[in-house]
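Beneath this line is the structure, given in structure tokens, with notes to follow.
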Amino acid sequence: MTRSLRTPRHQALMQVLAETRKLRNVTQQELADRLDRPQSYVAKVETGERRLDVVEFMEWSRCLECRAAKIIELVEQRLSKK
């Protein structure tokens, strides 16, 4: 299995995560506070410097009050358009 970092799928996920946060009018700092992490953690995830595991992804979704399945659906839609 090849690494997924910076692949089109990973880039689509990063974009959807950042867009979802912004649509909810949540700053990186506010999300970081909800996650009990530093702001740099959010920035690194959104820029692709750091990956999320499944548990972190679920927590991220919960903190944005968005179902994880919805985020995955948005990523899949974005990929199908390419």
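The values are calculated or read from the model by the stated rules, or taken from the named source; none is laboratory data. Since the structure is predicted, the reported quantities are computational estimates derived from the model, not experimental observations. Please note: Cβ atoms are built from the backbone with ideal geometry, for glycine as well, and neighbour counts cover all protein chains shown.
A few comments on the model shown:
- Sole exception among (1) among the hydrophobic types (A, V, I, L, M, F, W, C); (2) crowded, with 16+ Cβ neighbours inside 10 Å; (3) in contact with a Phe, Trp or Tyr (Cβ under 8 Å, 6 or more places away or on another chain) for CYS66, by number: (3)
- Screening ASN25 on (1) touching a Ser or Thr at 6+ places or on another chain (Cβ under 8 Å); (2) modelled with pLDDT of 95 or more shows it passes everything except condition (1).
- If you go through region 71-82 and keep only what is in a helix (DSSP H, G or I) and touching a helix residue (DSSP H, G or I) at 6+ places or on another chain (Cβ under 8 Å), you end up with ILE71, LEU74, VAL75, ARG78, LEU79.
- Condition check for CYS66 on (1) hydrophobic (A, V, I, L, M, F, W, C); (2) outside any helix (DSSP H, G or I); (3) touching a Leu at 6+ places or on another chain (Cβ under 8 Å): one failure, at (3).
- The lone exception for GLU73 - which of (1) at pLDDT below 95; (2) of a type outside the set (A, V, I, L, M, F, W, C); (3) loosely packed, with under 13 Cβ neighbours inside 10 Å it fails: (1)
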